[in-house]
Number of protein chains: 6
Amino acid sequence: MKISARNTLKGKVVSVEKGATTAHVKIEVADGTVITASITNESVDSLGLTVGGQAYAVVKASDVMIAVD
Amino acid sequence: MKISARNTLKGKVVSVEKGATTAHVKIEVADGTVITASITNESVDSLGLTVGGQAYAVVKASDVMIAVD
Amino acid sequence: MKISARNTLKGKVVSVEKGATTAHVKIEVADGTVITASITNESVDSLGLTVGGQAYAVVKASDVMIAVD
Amino acid sequence: MKISARNTLKGKVVSVEKGATTAHVKIEVADGTVITASITNESVDSLGLTVGGQAYAVVKASDVMIAVD
Amino acid sequence: MKISARNTLKGKVVSVEKGATTAHVKIEVADGTVITASITNESVDSLGLTVGGQAYAVVKASDVMIAVD
Amino acid sequence: MKISARNTLKGKVVSVEKGATTAHVKIEVADGTVITASITNESVDSLGLTVGGQAYAVVKASDVMIAVD
């Protein structure tokens with residue numbers, strides 16, 4: 001499946017923390033750069049996400065903000 | 001200002017394309033890794049974004065999805 | 001690629017309207033049920049979206065609201 | 001109240017799972033097509049959502065992605 | 001229609017700027033406090049939004065970030 | 001840091017409710033007007049949010065919908 005979301009960053013799962021319904025998954029996409037995703041516990045199971053596995057962080061362009069110092 | 005959004009990636013603006021109301025800004029956050037943001041033209045002006053300038057891509061954790069091959 | 005987004009609705013592209021930077025794509029996912037997506041023109045080209053083609057509307061669970069009468 | 005969100009799918013609540021703060025509500029919008037929404041527990045109570053009740057899944061166009069095989 | 005989105009701010013439309021596909025609508029929700037919404041041109045027409053009219057800004061809780069100085 | 005998000009409402013934290021992974025923070029931005037944000041517990045700690053403190057609700061324009069009666 002090819003998706004319209006413009007941003008896909010390949011990385012390694014470094015943390016999976018399940019809550020009651022919502023999980024936080026951290027993916028290291030470059031040395032020292034970690035992306036945090038808040039997804040459903042259901043998705044964690046469905047994708048079989050585990051620490052050490054390869055995964056992608058995917059973000060729609062309209063969900064990206066820009067900041068300057 | 002310190003923001004709750006969990007993801008902030010520092011980079012360099014490589015493209016600013018204004019549309020009628022919506023602009024697309026691309027930030028290179030690592031060699032070969034470019035993030036596309038869809039923001040208002042108004043924000044481009046307000047932040048003074050220009051190609052070559054330093055900027056951050058900012059994303060709320062609940063807007064990040066995870067994918068696997 | 002398998003994605004964490006919980007909602008994928010299969011349908012047929014019934015309209016592609018490109019703007020200056022942002023396109024509106026409509027997908028009929030059931031008889032009389034049309035989903036509108038606002039995506040980048042770039043994505044329309046990248047996915048090769050054209051009227052009559054098969055496509056999916058994909059939505060993250062945290063972007064779905066519920067309403068009652 | 002009439003809302004700008006372009007997508008409203010009528011259906012029947014098939015599941016309400018409350019977490020500590022966040023609930024997952026599933027709505028069957030067509031035979032075999034179930035939409036998952038991640039909303040606050042507070043909203044579940046405020047709308048009086050219960051399994052079997054009629055409800056709508058509402059999504060803003062800018063939160064819809066498109067995918068192709 | 002009653003919606004799960006937790007945030008509804010009543011105000012007066014102070015600006016409607018249509019682009020090629022995307023419009024920016026500004027609503028004054030308190031003296032000097034103006035909210036900007038990026039919605040489809042189609043929604044502007046469908047809701048009949050015009051400067052001076054009464055309207056609400058509606059935001060899902062998961063789309064609100066918090067910042068501190 | 002200056003951010004592209006068009007909407008920043010200054011207020012006072014009136015409630016912080018942590019869940020298993022996701023917290024709900026309420027900010028009173030005007031007399032009787034309370035904004036609810038759903039953010040990570042991690043952000044609550046990182047920003048040091050406590051009831052009575054000053055904070056801002058920040059929302060990207062593309063996450064604001066408009067409604068009319």
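The values are calculated or read from the model by the stated rules, or taken from the named source; none is laboratory data. Here the structure is a predicted model, which means the values were calculated and not measured. Positions of Cβ are backbone-derived with ideal geometry, glycine not excepted, and every protein chain shown enters the neighbour counts.
Select from segment F:14-29 the residues that are more than 10 Å from the chain's Cα centre (by Cα) and under 16 Å from F:V58 (Cβ atoms) and list them in ascending order.
Answer for segment F:14-29, where residues must be more than 10 Å from the chain's Cα centre (by Cα) and under 16 Å from F:V58 (Cβ atoms): just F:A23.
Out of all the residues in segment A:48-69, which are small (G, A, S), in a strand (DSSP E or B) and either more than 11 Å from chain F (Cβ to nearest Cβ) or crowded, with 24+ Cβ neighbours inside 10 Å (or both)?
Filtering segment A:48-69 for residues small (G, A, S) gives A:48, A:52-53, A:55, A:57, A:61-62, A:67.
Imposing the further condition that a residue be in a strand (DSSP E or B) reduces the set to A:55, A:57, A:67.
Once the filter is applied, which keeps residues that are small (G, A, S), in a strand (DSSP E or B) and either more than 11 Å from chain F (Cβ to nearest Cβ) or crowded, with 24+ Cβ neighbours inside 10 Å (or both), segment A:48-69 yields A:A55, A:A57.
So B:D45 passes all but one of these: (1) more than 7 Å from chain A (Cβ to nearest Cβ); (2) in contact (Cβ under 8 Å) with a residue 24 or more places away in the chain; (3) closer than 13 Å to F:I3 by Cα. Which condition number does it fail?
Every condition holds for B:D45 apart from (2).
Kindly indicate the residue of segment A:30-42 that is at pLDDT 95 or above and more than 22 Å from D:G19 (Cα to Cα) and also farthest from the other protein chains (Cβ to nearest Cβ) among those meeting that condition.
Per the criteria, the residue is A:V34.
Output the number of the condition that D:T8 fails; it satisfies all remaining conditions of (1) of a type in the set (V, I, T); (2) surrounded by 19 or more Cβ atoms within 10 Å (Cβ to Cβ); (3) under 26 Å from E:S46 (Cβ atoms).
Tallying (1) of a type in the set (V, I, T); (2) surrounded by 19 or more Cβ atoms within 10 Å (Cβ to Cβ); (3) under 26 Å from E:S46 (Cβ atoms), D:T8 fails exactly one: (2).
Can you tell me which residue within segment C:18-38, out of those that are out of contact with any Leu (no Cβ under 9 Å at 6 or more places or on another chain) and β-branched (V, I, T), is surrounded by the fewest Cβ atoms within 10 Å (Cβ to Cβ)? Before the answer, list the steps.
Our first condition is that a residue be out of contact with any Leu (no Cβ under 9 Å at 6 or more places or on another chain); within segment C:18-38, this holds for C:18-22, C:24, C:26, C:28, C:31-32, C:34, C:36-38.
This time we only want the ones that are β-branched (V, I, T), so: C:21-22, C:34, C:36.
Numbers: C:T21: 23, C:T22: 32, C:V34: 16, C:T36: 22.
Out of the qualifying residues, it is C:V34.
Would you mind stating whether F:S15 is within 14 Å of chain A (Cβ to nearest Cβ) and closer than 21 Å to B:M1 by Cα? First the steps, then the outcome.
Numbers: within 14 Å of chain A (Cβ to nearest Cβ): no; closer than 21 Å to B:M1 by Cα: yes.
No: the conditions fail for F:S15.
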